[in-house]
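Enquirer: Dropping a structure here in structure tokens format, bear with me for questions.
The values are calculated or read from the model by the stated rules, or taken from the named source; none is laboratory data. Computed from a predicted model, the values in this text were never measured in an experiment. Neighbour counts run over all protein chains shown; Cβ positions are idealised from the backbone, glycine included. These accessible areas exclude ligands, DNA and RNA; they are computed on the full protein's heavy atoms, side chains included. Shrake-Rupley method; radii C 1.70, N 1.55, O 1.52, S 1.80 Å.
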Amino acid sequence: MPDLADHNPLRPGFSLDELRVEVAADLPLPGRGETAKRWAHLVEVARRDLALAKLVEPHHDATAILADLDGPQPAAGQVWAVWAAEPPGSGLRAEYGEDRGWVLTGRKPFCSGAAVVSHALVTAHDARAGSSRLFVVDLGAERDGASRADVEPPAWVGAGMAAADTRTLACSAVRGTPVGDPGAYTERVGFWHGGIGVAACWFGGLRGVAARLLAAAGTRPPDDLTLMHLGAVAAAVDRCDAVLAAAAARADGGEHATPEAARRDAESVRATVADAAEEVVSRVGRALGPGPLALDAAHAQRVADLQVFVRQHHAEADLAALGRTLLGASARGEQPW
């Protein structure tokens with residue numbers, strides 16, 4: 001990893017010092033008694049800067065994943081990522097040889113922070129097991145006769161989340177260290193806690209957008225339409241706050257005993273926050289008009305970042321998944337309502 005003090009491949013003004021501080025923060029692990037504190041920290045980071053949160057949240061998610069799967073813990077000064085996107089098309093494949101151990105070959109898209117992280121947890125297809133498996137990749141120099149992973153040049157063209165420096169990782173016989181058994185990464189309760197952590201970042205972003213409306217409303221005589229939009233935005237913020245608090249309480253109270261139980265909360269929280277983000281962006285735009293989007297750089301960037309970030313929610317597909325989860329619970333005799 002490059003020296004963060006001397007190298008900043010991200011947007012001008014992106015604070016690598018702040019990234020270093022945030023990844024060094026000792027956040028509670030989810031489901032262990034202080035989950036609300038963990039998610040509240042991510043909300044606050046994202047309220048300040050969504051692109052920063054896009055790099056901070058995966059580092060802390062990696063710490064939780066490694067704790068769940070008995071992997072190595074990040075050392076001081078390291079920045080970790082979790083790159084698990086598997087869109088149709090090319091991907092990574094993992095191969096094992098007695099003489100070289102596990103090596104990864106292929107291309108992994110959607111690798112945020114690829115130019116600044118030191119290590120990544122990446123998913124790759126293990127042909128022997130016929131499923132995906134999680135590996136640690138050290139993004140430092142070539143070692144043990146294996147190739148170094150290459151970060152392809154930036155191809156991101158949108159303004160939203162451009163500062164997160166999302167690129168494609170190209171691997172040719174790159175050394176990987178397996179973490180957990182095949183399928184173990186997604187078969188954890190903690191997988192769904194990580195999904196809620198991402199939603200906490202969306203919530204922080206929408207709170208930042210909402211704050212712009214509140215600030216503007218306080219500088220001019222109130223009118224009924226502005227007050228109506230402000231009230232609706234407040235209700236959306238409160239809904240998100242409530243579902244995150246309830247999910248944290250259930251996680252710490254032992255109600256997430258199975259991945260299915262955790263998934264039910266995660267899908268609901270993510271849907272609630274994703275819908276609220278779209279509503280808040282829309283209402284703030286309608287209340288304030290084009291001025292802030294055209295002339296307020298911080299607000300315009302936050303809106304653009306949020307609109308891209310929240311698309312990690314797969315909309316109707318994720319709602320259908322939530323419906324299937326509820327039907328499964330009902331078939332087992334559980335009563336979710």
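Enquirer: For V136, state whether it is within 21 Å of H59 (Cα to Cα) and in contact with a Gly (Cβ under 9 Å, 6 or more places away or on another chain).
Expert: yes
Enquirer: Next up: State yes or no: is A200 under 29 Å from V237 (Cα atoms), among the aliphatic types (A, V, I, L, M), in a helix (DSSP H, G or I) and touching a Phe, Trp or Tyr at 6+ places or on another chain (Cβ under 6 Å)?
Expert: In short, yes.
Enquirer: From the list V174, V151, V209, which residue is open to solvent by less than 70 Å² (accessible area, probe 1.4 Å), among the β-branched types (V, I, T) and under 25 Å from L42 (Cα atoms)?
Expert: Going through V174, V151, V209 in turn, just one is open to solvent by less than 70 Å² (accessible area, probe 1.4 Å), among the β-branched types (V, I, T) and under 25 Å from L42 (Cα atoms): V209.
Enquirer: For region 232-253, which residues satisfy the criterion of being among the small types (G, A, S) and open to solvent by 40 Å² or more (accessible area, probe 1.4 Å)?
Expert: A234, A235, A242, A245, A249, G253
Enquirer: Another question, then. Looking at region 296-337, which of the residues that are of a type in the set (D, E) and loosely packed, with under 13 Cβ neighbours inside 10 Å is modelled with the lowest pLDDT?
Expert: E334
Enquirer: Now for a separate question. What are the pairs, 6+ residues apart or on separate chains, where a residue within region 58-81 that is among the hydroxyl-bearing types (S, T, Y) has its Cβ under 8 Å from a residue that is open to solvent by 10 Å² or more (accessible area, probe 1.4 Å) and part of a loop (DSSP other than H, G, I, E, B)?
Expert: Note: pairs meeting the criteria are T63/L27; T63/L29; T63/Q73; T63/P74.
Enquirer: For region 258-295, enumerate the residues that are assigned to a loop (DSSP other than H, G, I, E, B) and either touching a residue at least 40 places away in the same chain (Cβ under 8 Å) or surrounded by 17 or more Cβ atoms within 10 Å (Cβ to Cβ) (or both).
Expert: Result: T258, single match.
Enquirer: Would a scan of region 159-166 turn up a residue that is in a helix (DSSP H, G or I), modelled with pLDDT of 95 or more and not charged (D, E, K, R)?
Expert: no
Enquirer: Right, another one. Please go through region 328-337 and pick out each residue that is under 14 Å from S268 (Cβ atoms) and assigned to a helix (DSSP H, G or I).
Expert: Across region 328-337, the qualifying residue is only A329.
Enquirer: Take A184 and tell me if it is open to solvent by 10 Å² or more (accessible area, probe 1.4 Å) and outside any loop (DSSP other than H, G, I, E, B).
Expert: No: the conditions fail for A184.
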